[in-house]
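**Student:** Below you will find the structure I want to go over with you.
The values are calculated or read from the model by the stated rules, or taken from the named source; none is laboratory data. Fair warning: this is a prediction, and the values are worked out from it, not measured in the lab. Cβ atoms come from the backbone with ideal geometry, glycine included; neighbour counts cover every protein chain shown. These area figures cover heavy atoms from the full protein model, side chains too; ligands, DNA and RNA do not enter into them. Shrake-Rupley method; radii C 1.70, N 1.55, O 1.52, S 1.80 Å.
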Amino acid sequence: NNKIFEWVDISGKENHTIQPDEEKQPTIDDTKLNNLTVSKYMEQGLDSENSVTSNTIFVVHKSRKDSYFLDLRQGIPASAILRWNNHPADIGSYWETINVNGNNLQRSLIDETGDFYDIEDIMSNTWQITILEGTQTDSGKLSIHNRYNDVSFGQGSIAEMIVYDTDLNEANKQTIRK
């Protein structure tokens with residue numbers, strides 16, 4: 001059985017993510033990325049048991065733009081990253097800076113409703129390194145490839161995710177990217 005019941009937090013902070021419902025458990029992919037085990041999400045997701053203190057999230061992923069990528073709204077308002085109702089961009093205003101493969105994304109006028117990051121830059125179905133920086137340090141339960149209440153899921157693969165509870169300086173970001 002290659003289903004993931006629990007993704008163990010190796011930081012020592014006990015921020016494990018779980019999925020008790022076997023039908024919604026992601027799987028271990030047979031491929032490796034830089035010697036890292038890859039978890040695959042096909043309309044499945046994981047949730048943290050406890051609130052996770054977050055300011056910056058580093059994630060190596062390949063995510064499809066069909067639904068949910070990350071959601072911390074059980075504690076951090078406007079923190080979801082998803083494609084919703086065919087809107088071209090729905091990246092919560094909590095995320096102040098988004099960097100994909102070393103390039104900072106710019107908010108732009110996507111439609112008459114306002115300035116957004118283009119979701120296709122983050123959920124492009126290609127392997128990428130994404131660094132998400134919040135407007136402040138805050139806490140919320142982390143949902144990976146699913147909505148915080150498990151009613152909507154996304155698809156993709158994740159090789160690594162690191163959640164930082166502080167701002168990272170540019171030197172730290174460069175070290176992480178390597």
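**Student:** Return one whole number: the accessible area per residue of the chain in Å², for a 1.4 Å probe.
**Tutor:** Using a 1.4 Å probe on heavy atoms only, each residue of the chain averages 50 Å².
**Student:** Okay, next question. Length gain on complete extension for the stretch L36 to A171, per 0.36 nm per residue less the alpha carbon to alpha carbon distance?
**Tutor:** The L36-A171 span can extend by a further 46.3 nm.
**Student:** Any idea what the dipole of the chain comes to, in debye rounded to 20, about its Cα centre with Lys/Arg Cβ at +1 and Asp/Glu Cβ at -1?
**Tutor:** 420
**Student:** At what distance in nm do the modelled label points of S51 and N101 sit from each other, each positioned 7 Å from its Cα along Cα→Cβ?
**Tutor:** 3.7
**Student:** Sticking with this one: Please report the carbon-and-sulfur percent of the accessible area for the chain; probe 1.4 Å, protein heavy atoms only, DNA, RNA and ligands left out.
**Tutor:** Taking all protein chains in place, the chain shows 44 percent carbon and sulfur surface.
**Student:** Can you list the aspartates and glutamates whose alpha carbon sits under 20 Å from that of K3, skipping same-chain ones fewer than 8 residues off?
**Tutor:** Correct list for K3: D21, E22, E23, D29, D30, E43, D47, E49, D150, E160.
**Student:** On to the next question. Is segment 115-162 best put as rounded, prolate or oblate by its Cα gyration tensor, with a ≥ b ≥ c the root eigenvalues, rounded for a/c under 1.5, and otherwise prolate when a/b is larger than b/c, oblate when not?
**Tutor:** Because its axes are fairly even, with a/c under 1.5, segment 115-162 counts as rounded.
**Student:** Within the set of other residues whose C-beta is less than 11 Å from the C-beta of T97, count the net charge using Lys and Arg as +1 and Asp and Glu as -1.
**Tutor:** -1
**Student:** According to the square roots a ≥ b ≥ c of the eigenvalues of the Cα gyration tensor, what is the shape class of segment 3-69, taking rounded for a/c under 1.5, prolate for a/b larger than b/c otherwise, and oblate for the remainder?
**Tutor:** Verdict is rounded for segment 3-69.
**Student:** Among (1) 1, 8, 13, 15, 15, 13, 10, 7, 5, 4, 3, 2, 1, 1, 1, 0, 0, 0; (2) 2, 7, 11, 17, 20, 16, 11, 7, 5, 3, 1, 0, 0; (3) 2, 8, 18, 22, 23, 16, 7, 3, 0, 0, which one is P(r) over Cα pairs in 5 Å bins from 0, in percent computed from these coordinates?
**Tutor:** Correct label, based on the coordinates given: (3).
**Student:** Continuing with this model, one more query. For the chain, calculate the relative contact order in percent as a whole number, restricting contacts to Cα pairs under 8 Å that are 6 or more residues apart.
**Tutor:** Relative CO of the chain lands at 31 percent.
**Student:** At 0.36 nm per residue, and after removing the present C-alpha to C-alpha distance, how many nm does the segment from E23 to D66 gain when stretched out fully?
**Tutor:** 13.6 nm is the gain from fully extending E23 to D66.
**Student:** For segment 168-178, in order, what is each residue's ³J(HN,Hα) by Karplus, 6.51 cos²θ - 1.76 cosθ + 1.60 with θ = phi - 60°, in whole Hz (x at glycine and Pro)?
**Tutor:** 10, 7, 4, 4, 4, 4, 5, 4, 5, 4, 7
**Student:** Could I ask something else about it? Of K62/K173; K24/K173; K32/K65, which pairs sit farther than 29 Å apart, going by alpha carbon to alpha carbon?
**Tutor:** As for pairs spanning more than 29 Å Cα to Cα, those are K24/K173.
**Student:** Which FRET efficiency, nearest 0.05, do K13 and T135 yield, Cβ-Cβ r, R0 22 Å?
**Tutor:** Computed FRET efficiency for K13 and T135: 0.50.
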